[in-house]
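A.B. asks: Shown below is the structure under consideration.
The values are calculated or read from the model by the stated rules, or taken from the named source; none is laboratory data. This structure is a prediction, so every number in the text was calculated from the model and none was measured. So basically every Cβ, Gly included, is an ideal-geometry build from the backbone, and we count neighbours across all protein chains shown. Heavy atoms of the whole protein, side chains included, go into the accessibility calculation; ligands, DNA and RNA do not. Shrake-Rupley method; radii C 1.70, N 1.55, O 1.52, S 1.80 Å.
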Number of protein chains: 2
Amino acid sequence: MYMSKLYAPTLKEDPADAELASHRLLLRAGMIRKEAAGLYSYLPLAWRSIRKIENIVRDEMDAAGAQELMMPIMVDAELWRESGRIDAYGKELVRFDDRHGREFVLGPTHEETVTALVRNELRSYKQLPVNLYHIQDKFRDEFRPRFGLMRGREFIMKDAYSFSATQESLQEEYDKMKQAYANICERCYIKALPVVADSGEIGGDTSVEYMALADAGEASLVYCDECGFAADDEAASTKVVVTEGPGDGTLTKVETPGMGTIEAVAKFFGFPENGTRKSLALIDAEGKPVVAIVPGDHELNDCKAEHVFGKGYRMMTDEELQANGLHKGFIGPVNLPEGIRLVCDESLRESKQWACGANEVDYHFTGACPECDFTVDEWADLVTVVAGDPCPHCGKPLSAARGIEVSQVFQLGTKYSEAMGATFMDEDGKEKPLIMGCYGVGVSRSLAAVVEQHNDEHGIVWPVSVAPYEVAVIPLDPKKEECATVCEQIVDGLCAEGIEVVVDDRDERPGFKFADNDLMGFPYQVVLGKRGLKNGTVELKDRATGEREDVAIDEVVAKVAELVKAARR
Amino acid sequence: MYMSKLYAPTLKEDPADAELASHRLLLRAGMIRKEAAGLYSYLPLAWRSIRKIENIVRDEMDAAGAQELMMPIMVDAELWRESGRIDAYGKELVRFDDRHGREFVLGPTHEETVTALVRNELRSYKQLPVNLYHIQDKFRDEFRPRFGLMRGREFIMKDAYSFSATQESLQEEYDKMKQAYANICERCYIKALPVVADSGEIGGDTSVEYMALADAGEASLVYCDECGFAADDEAASTKVVVTEGPGDGTLTKVETPGMGTIEAVAKFFGFPENGTRKSLALIDAEGKPVVAIVPGDHELNDCKAEHVFGKGYRMMTDEELQANGLHKGFIGPVNLPEGIRLVCDESLRESKQWACGANEVDYHFTGACPECDFTVDEWADLVTVVAGDPCPHCGKPLSAARGIEVSQVFQLGTKYSEAMGATFMDEDGKEKPLIMGCYGVGVSRSLAAVVEQHNDEHGIVWPVSVAPYEVAVIPLDPKKEECATVCEQIVDGLCAEGIEVVVDDRDERPGFKFADNDLMGFPYQVVLGKRGLKNGTVELKDRATGEREDVAIDEVVAKVAELVKAARR
């Protein structure tokens, strides 16, 4: 491909509204363009990368025994009524009536479609398991689409659905998908962690998200370098280590004038924040007052709090604090006004000497001891796990990171098959609902994740396996015959080796070409300069390391081919 | 791929509502399934064929210098207002509001999107020409979707858009696309004719449709075996040959009791229908009465009539006939009541002896002569060309056929670029609108066309280049060790040769397997039977010809590989 023909309009300036590196660089490098909020066109370079990611996904899915098909994007809303999802999904679901007034949705995922597809055709245990997938544009009408390809309204996803006769078979499919997803990340050069996404109601390892580590990620997670455990910080559950507060073991009221924050109290006592206790006044989902207490250096976790206090729980207003006899900044478990439920974090159960508010303005207690000085109504897991907390598996300190969810595997069980009557005849002659799993890879989001993880101040640094082209050949005097001849020789040689080459034959200054090629980020650059050509050499630049090297013209093809082939995955 | 795992649920019976071979066979062979009216899932086998067609299309597009990208399916309706198409498109356009009340459409084609994409970035004649394409699901809310993949509401299309600085450059892009489309049809084994679709207002060769010849096609066309001319029968324009009617050159009134049809009149006079004149009483778009006269053996062409009588012209009702003093079956140009416009087909201009209605019940004239016996208000091209009419290019008789429109090329000119302000700076320093062409290939419809052209009473007969798998290996005793060993040896050998193999390892009777494999239509079958294996042979069957041949086990891999490779395109 010659750059003079290539449709890749690069921009000189950073686009104004692009916060993330991937968004900014893909725009600047002429690889994506916005059509409307959350809707992007992939220009030829980005589209080549997307197709490479798709092919890696396809390759791993096929190797894992899944079969590719293609279901329609338009889905009869009737199916979504059968599953009960139509109302649960809310406004993110794109819905419309066809010309005859029948309602359709644009599938954000295809559980209903695939269940309806197989429900009269997968009839016997002998046909199972089956795993079916497609790679398709999905639609989600985000309230506030942003971050380029990271959170769009139309995006490319691979979604797979497995059907099994037994839970063991589902587990096997699920494990195969987990391995496939790990392989996909590795082959795309995405550094990702498999993160426990929800060990909630069903229990066990029923959903894992693959999180590409990136500062710009929307999800925060904790992981253990020692044993490999990783979890969304909301889903992670561990026993936070707490230190005892100051004092000599007896309940002592201390004047703490104006010290209404953990920080001020810890400083006053000369103790770490972890030695203090943070009290939060809440109204639970039923409208009743609650005080929740957590270690001073941890936060109440919204997701966990919902489990304990119900969906819709909230902080008390100033009026409610007053009405309940509570004083902001000085709330605590001792002398709690009657009728207020006291719920404390599990990690505090063994702690016998708490520094906490005294339920009196400008006073705190030290040495407050549960069961001696106050009664706890309930112990519960309430806090967001942070870096330094012990790994729940091996006890080593956890690290924290931010991540981009690039894929997810999920054991669905019989939720859809029961609702939609998708049954099979089991070995024992009984009709049973199909046991399902679903497995998604965000293809366009993976592209964004690659760029988030592979860029520098000059632009994108494509890993070979997903680069739009593997090598840029850059003749600095494309119109001079000698330069053009050598260029053609090298390009022909690389093409013959099966290397994907783009030639920067544009009539531009060297400085412009260097900057533009760095921005577009092809893994290797072969620069044909006047001086080098006189000596029979070209310059080979490794975009990732920035290292340059003079290579004899006759040797450069073999050298580049070797480097590229070694880096393909 | 092992058939015991393959998701391809074949049906024993023909599905009830499938009229076309492609619809019926793709359903029966477990290749497509209906999700809702006009919405189909492609099961794994059909999806493999679709991907092959896509890759052939991609290959030819890239070779012709076009660049692949991907635009969103959702299109801001504002763009369709800019182009003015939103109201013109009517109810086939899927429209909906997003959660913020902004209107979007699901693109049936992407002229607006692509014009908006390039309008600020293709700024100089130096950047031109550019040809951009994508392969994507398109949406058209057909009033009555039917015929399986032939006329769906969601279908796969390749649409390309070229941008040029000059008309010559547009013509070059257009010619390249025509060649690419001819190549695509050939490589997909689709026998198709490039058919002039509209030589209307702009004139010249501005749009060509590629019609796959098939009895089930929705379009009728005429073509010349001699010179290669072909046209939609509605668009074709030629000088129909007419014979003179009976009589001696003088106007003679003849009693023709009850003979109100061309057939009856021709029979009565013992003359060919072509020697009679057919008179039609119409109300034109302005509500005025007209009589149109065409050769007795030709039909008034609706499309051409619209050009002459205006959109909305229609046949007179019985009441209108009476009110205008006309008698059904006996209308003619002589003694036409006053106030009725007389328009006659061009082919009749030189004819001096017409047999036609006498405007009197039960009477016809013979020997009626224009200008002597009546006055023609207008001569116009009115008739649908049929087989036997002379080719407009070489004069040889035309043949007629039915066809499926699989692709179309079109010179758009500046329609969209002017409406949407997509201009470039030309060599002369002037701002000019981009000159556009658009080029579509119906990918899913091509699949249907392949099946329409390649099937027999046993099922589909896939051509190698688009077959889901190239070879089916059919062990008749897959559980017997000897059979299994030979099977594995052959399959391994074929795979090593890069041949795509499916193995029918199902535990079914031979008769079932033979019928099922014929239905699914893989180009070659290698059958491992008990008797053959004893003699060291397998049976090789060519699905297309039905020919069978015993081949030595050691030779079958080489033989099949040679056949398959020769048939790939």
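A.B. asks: Tell me which of these residue A:149 doesn't satisfy, since it passes every other one: (1) facing chain B (nearest Cβ under 10 Å); (2) buried (at least 23 other Cβ atoms within 10 Å of the Cβ).
C.D. replies: (1)
A.B. asks: Filter segment B:547-562 for residues that are touching a residue at least 40 places away in the same chain (Cβ under 8 Å) and within 16 Å of residue B:530 (Cα to Cα) and give the result.
C.D. replies: If the condition is that a residue be touching a residue at least 40 places away in the same chain (Cβ under 8 Å) and within 16 Å of residue B:530 (Cα to Cα), then B:553 is the only one that fits.
A.B. asks: Quick check on residue A:65: is it farther than 30 Å from residue A:503 by Cα, modelled with pLDDT of 95 or more and open to solvent by 30 Å² or more (accessible area, probe 1.4 Å)?
C.D. replies: On the way: farther than 30 Å from residue A:503 by Cα: yes; modelled with pLDDT of 95 or more: yes; open to solvent by 30 Å² or more (accessible area, probe 1.4 Å): yes.
So residue A:65 fits the description; yes.
A.B. asks: Of all residues in segment A:324-353, count the ones that are under 25 Å from residue A:257 (Cβ atoms) and assigned to a strand (DSSP E or B).
C.D. replies: Of the residues in segment A:324-353, 0 are under 25 Å from residue A:257 (Cβ atoms) and assigned to a strand (DSSP E or B).
A.B. asks: At least 3 residues that are more than 36 Å from the chain's Cα centre (by Cα) in each: list the strands (runs of 3 or more DSSP E) lying fully within segment B:497-544 that qualify. Write out each step before concluding.
C.D. replies: Working: elements: B:501-503, B:524-528, B:537-542.
So the answer is B:537-542.
A.B. asks: Can you tell me which residue in segment B:160-191 is nearest to residue B:208 (Cα to Cα), limited to those that are open to solvent by 10 Å² or more (accessible area, probe 1.4 Å) and of a type in the set (Ser, Thr, Tyr)?
C.D. replies: It comes out as B:169.
A.B. asks: Here is a follow-up. List, please: which pairs have Cβ atoms under 7 Å, are six or more places apart or on different chains, and start with a residue in segment A:150-176 that is closer than 30 Å to residue A:20 by Cα and end with one that is in a strand (DSSP E or B) and of a type in the set (D, E, K, R)?
C.D. replies: Correct list of pairs: A:154/A:137; A:155/A:138; A:156/A:137; A:157/A:138.
A.B. asks: Can you find even one residue in segment B:82-95 that is open to solvent by 10 Å² or more (accessible area, probe 1.4 Å), farther than 30 Å from residue A:142 by Cβ, in a helix (DSSP H, G or I) and among the polar types (S, T, N, Q)?
C.D. replies: The answer is no; no qualifying residue exists.
A.B. asks: Scan segment A:287-323 for residues that are surrounded by 19 or more Cβ atoms within 10 Å (Cβ to Cβ) and in a loop (DSSP other than H, G, I, E, B) and report the count.
C.D. replies: Here the count works out to 6.
A.B. asks: If you take the residues in segment B:354-378 that are open to solvent by 50 Å² or more (accessible area, probe 1.4 Å) and not in a loop (DSSP other than H, G, I, E, B), which one is farthest from residue B:256 (Cα to Cα)?
C.D. replies: B:378
Per-residue answers, yes or no, for (1) more than 36 Å from the chain's Cα centre (by Cα); (2) aliphatic (A, V, I, L, M); (3) within 23 Å of residue A:371 (Cβ to Cβ):
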{"position": "A:256", "(1), (2), (3)": "yes, no, no"}
{"position": "A:263", "(1), (2), (3)": "no, no, no"}
{"position": "A:279", "(1), (2), (3)": "no, no, yes"}
{"position": "A:290", "(1), (2), (3)": "no, yes, yes"}
{"position": "A:303", "(1), (2), (3)": "no, no, no"}
{"position": "A:316", "(1), (2), (3)": "no, yes, no"}
{"position": "A:319", "(1), (2), (3)": "yes, no, no"}
{"position": "A:327", "(1), (2), (3)": "yes, no, no"}
{"position": "A:332", "(1), (2), (3)": "yes, no, yes"}
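A.B. asks: Let me ask you something else. Based on this model, can you work out whether residue A:9 counts as outside any strand (DSSP E or B) and facing chain B (nearest Cβ under 7 Å)?
C.D. replies: Values: outside any strand (DSSP E or B): yes; facing chain B (nearest Cβ under 7 Å): yes.
In short, yes.
A.B. asks: So the check is Cβ under 7 Å with 6+ separation or different chains; which pairs have a first residue in segment B:292-318 that's touching a residue at least 60 places away in the same chain (Cβ under 8 Å) and a second one that's in a loop (DSSP other than H, G, I, E, B) and open to solvent by 70 Å² or more (accessible area, probe 1.4 Å)?
C.D. replies: From residues that are touching a residue at least 60 places away in the same chain (Cβ under 8 Å), the pairs are B:301/B:234; B:303/B:234.
A.B. asks: Name the single residue, out of those in segment B:45-58 being open to solvent by 10 Å² or more (accessible area, probe 1.4 Å) and either assigned to a loop (DSSP other than H, G, I, E, B) or in contact with a strand residue (DSSP E or B) (Cβ under 6 Å, 6 or more places away or on another chain) (or both), that is nearest to the other protein chains (Cβ to nearest Cβ).
C.D. replies: Out of the qualifying residues, it is B:47.
A.B. asks: Could I ask something else about it? If residue B:263 satisfies all but one of (1) open to solvent by 50 Å² or more (accessible area, probe 1.4 Å); (2) at pLDDT 95 or above, what's the number of the condition it fails?
C.D. replies: (2)
A.B. asks: Of all residues being within 9 Å of chain B (Cβ to nearest Cβ) and outside any strand (DSSP E or B) in segment A:25-37, which is nearest to residue B:100 (Cα to Cα)? Just the residue, please. First the steps, then the outcome.
C.D. replies: Narrowing segment A:25-37 to residues within 9 Å of chain B (Cβ to nearest Cβ): A:30, A:33, A:35-37.
Now restrict to residues that are outside any strand (DSSP E or B): A:30, A:37.
Working: A:30: 29, A:37: 11 Å.
If we take residues in segment A:25-37 being within 9 Å of chain B (Cβ to nearest Cβ) and outside any strand (DSSP E or B), then A:37 is nearest to residue B:100 (Cα to Cα).
A.B. asks: Another question, then. Keeping to segment A:80-104, report how many residues are under 24 Å from residue A:413 (Cα atoms), under 29 Å from the mean Cα position of the chain (by Cα) and either facing chain B (nearest Cβ under 8 Å) or touching a residue at least 24 places away in the same chain (Cβ under 8 Å) (or both).
C.D. replies: The initial filter retains those residues of segment A:80-104 that are under 24 Å from residue A:413 (Cα atoms), namely A:80-90, A:93.
Next cut, under 29 Å from the mean Cα position of the chain (by Cα) only: A:80, A:83-90, A:93.
Keeping just the survivors that are either facing chain B (nearest Cβ under 8 Å) or touching a residue at least 24 places away in the same chain (Cβ under 8 Å) (or both) gives A:80, A:83-85, A:93.
Of the residues in that region, 5 qualify.
A.B. asks: Of the residues in segment B:7-20, how many are modelled with pLDDT of 95 or more and open to solvent by less than 20 Å² (accessible area, probe 1.4 Å)?
C.D. replies: Residues that pass the stated criteria total 2.
A.B. asks: So, one more: For residue A:467, all conditions in the list (1) modelled with pLDDT under 95; (2) crowded, with 24+ Cβ neighbours inside 10 Å; (3) out of contact with any strand residue (DSSP E or B) (no Cβ under 6 Å at 6 or more places or on another chain) hold save one; what is the number of the exception?
C.D. replies: Of everything listed in (1) modelled with pLDDT under 95; (2) crowded, with 24+ Cβ neighbours inside 10 Å; (3) out of contact with any strand residue (DSSP E or B) (no Cβ under 6 Å at 6 or more places or on another chain), residue A:467 misses just condition (1).
A.B. asks: Taking into account only those residues within segment A:132-143 that are more than 9 Å from chain B (Cβ to nearest Cβ) and not charged (D, E, K, R), which is most open to solvent (accessible area, probe 1.4 Å)? I'd like the intermediate steps shown before the answer.
C.D. replies: Within segment A:132-143, the subset more than 9 Å from chain B (Cβ to nearest Cβ) is A:133, A:135, A:138, A:140.
Subsequent filtering for residues that are not charged (D, E, K, R) retains A:133, A:135.
On the way: A:133: 0, A:135: 17 Å².
So the residue we want is A:135.
A.B. asks: Moving on to the next point. Quick test of your reading of the structure: residue B:129 fulfils all but one of (1) under 26 Å from residue B:177 (Cα atoms); (2) within 8 Å of chain A (Cβ to nearest Cβ). Name the failing condition by number.
C.D. replies: (2)
A.B. asks: Please go through segment B:120-179 and pick out each residue that is assigned to a strand (DSSP E or B), aliphatic (A, V, I, L, M) and under 27 Å from residue B:216 (Cβ atoms). Can you show your working first?
C.D. replies: Of the residues in segment B:120-179, the ones assigned to a strand (DSSP E or B) are B:124, B:130-139, B:146, B:151, B:154-164.
After this cut, where a residue has to be aliphatic (A, V, I, L, M) as well, the list is B:130, B:132, B:135, B:156-157, B:160.
B:135, B:156, B:157, listed by residue number.
A.B. asks: Given B:197, B:160, which one is within 13 Å of chain A (Cβ to nearest Cβ), on the phi < 0 side of the Ramachandran plot and in contact with a strand residue (DSSP E or B) (Cβ under 6 Å, 6 or more places away or on another chain)? Talk me through it step by step, then tell me what you get.
C.D. replies: Values: B:197 fails: within 13 Å of chain A (Cβ to nearest Cβ).
Unique residue meeting the criteria: B:160.
A.B. asks: Output the residues belonging to segment A:68-78 that are open to solvent by less than 10 Å² (accessible area, probe 1.4 Å), over 15 Å from residue A:138 (Cα atoms) and either among the basic types (Lys, Arg) or at the interface with chain B (Cβ under 7 Å from one of its Cβ atoms) (or both).
C.D. replies: Going residue by residue through segment A:68-78, those that are open to solvent by less than 10 Å² (accessible area, probe 1.4 Å) are A:69, A:71-75, A:77.
Now drop any that are not over 15 Å from residue A:138 (Cα atoms), which leaves A:69, A:77.
Of everything in segment A:68-78, just one residue is open to solvent by less than 10 Å² (accessible area, probe 1.4 Å), over 15 Å from residue A:138 (Cα atoms) and either among the basic types (Lys, Arg) or at the interface with chain B (Cβ under 7 Å from one of its Cβ atoms) (or both), namely A:69.
A.B. asks: Would you please name the residue that is farthest from the other protein chains (Cβ to nearest Cβ), looking only at residues in segment A:111-124 that are of a type outside the set (Asp, Glu), surrounded by 20 or more Cβ atoms within 10 Å (Cβ to Cβ) and farther than 18 Å from residue B:38 by Cβ? Give the derivation first.
C.D. replies: The first filter runs over segment A:111-124 and keeps only residues of a type outside the set (Asp, Glu), leaving A:113-120, A:122-124.
Restricting the remaining residues to those that are surrounded by 20 or more Cβ atoms within 10 Å (Cβ to Cβ) gives A:113-118, A:122.
Now narrow it down to the ones that are farther than 18 Å from residue B:38 by Cβ: A:114-115, A:118, A:122.
On the way: A:114: 9, A:115: 12, A:118: 8, A:122: 8 Å.
The selected residue is A:115.
A.B. asks: Could you list, in sequence order, the residues of segment A:263-286 that are of a type in the set (S, T, N, Q) and in a strand (DSSP E or B)? Steps first, please.
C.D. replies: Step one: of segment A:263-286, the residues of a type in the set (S, T, N, Q) are A:274, A:276, A:279.
If the condition is that a residue be of a type in the set (S, T, N, Q) and in a strand (DSSP E or B), then A:276, A:279 are the ones that fit.
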